[in-house]
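Structure record follows, encoded as structure tokens.
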Amino acid sequence: MDSREKYLSLTTFRRDGSPVATPVWFASDREAVLLVWTGASTGKVRRIRSNPRVTVAPCDLMGRVKGPTVPGAARILGDADRTRLIALLRRKYPLAMRGLEVWGSFSQLVLRRPPGEMLAVEITLS
């Protein structure tokens, strides 16, 4: 998987085996390992906890796959890895990440929304 791609189609699997694909931002600092940042209560996190098998493929913003699909295994990482991932995402998506961080601060301060818990997910490609 080319780490220069902008979006990744991450496919997780329901308990019945049916696939669910989601376009996500990703970063990488090691060969054959991808990192994804996502909300702790998302469906993909629940599915990964139930079944770590995933597939990934480069895609566009709308999730249309534009390259080969690669199998892998996903696992939820801890806080130290989340900090590393945020730094990698800031480097790869500087304006978009800054916008998300500003929006998060605005929604907490002005709209009084609680911050959503975010998780780092590591995908090891097969």
Any residue that is hydroxyl-bearing (Ser, Thr, Tyr) and in contact with a Gly (Cβ under 6 Å, 6 or more places away or on another chain) - is there at least one of those in the stretch 9-21?
yes
Which of the residues belonging to the stretch 67-89 are of a type in the set (S, T, N, Q) and modelled with pLDDT of 85 or more?
69
Qualifying positions in the stretch 63-73 - in a strand (DSSP E or B) and either out of contact with any Leu (no Cβ under 8 Å at 6 or more places or on another chain) or loosely packed, with under 15 Cβ neighbours inside 10 Å (or both)
65, 71, 73
May I ask you to say which residue of 98, 90, 82 is touching a Leu at 6+ places or on another chain (Cβ under 8 Å), among the charged types (D, E, K, R), over 22 Å from residue 126 (Cα atoms) and not in a loop (DSSP other than H, G, I, E, B)?
82
Positions within the stretch 63-80 being of a type outside the set (Gly, Ala, Ser) and within 13 Å of the chain's Cα centre (by Cα), in sequence order
75, 76, 77
Between a first residue in the stretch 6-34 that is on the phi > 0 side of the Ramachandran plot and a second residue that is small (Gly, Ala, Ser), which pairs have beta carbons less than 9 Å apart while being 6 or more apart in sequence or on different chains?
32/72; 32/126
Take the residues of the stretch 14-62 that are part of a loop (DSSP other than H, G, I, E, B) and under 12 Å from the mean Cα position of the chain (by Cα): which is surrounded by the fewest Cβ atoms within 10 Å (Cβ to Cβ)?
40
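The values are calculated or read from the model by the stated rules, or taken from the named source; none is laboratory data. It should be emphasised that the depicted structure is a prediction, and the values quoted were computed from it without experimental measurement. All Cβ positions, even for glycine, are placed from backbone atoms using ideal geometry, and neighbour counts span all protein chains on display.
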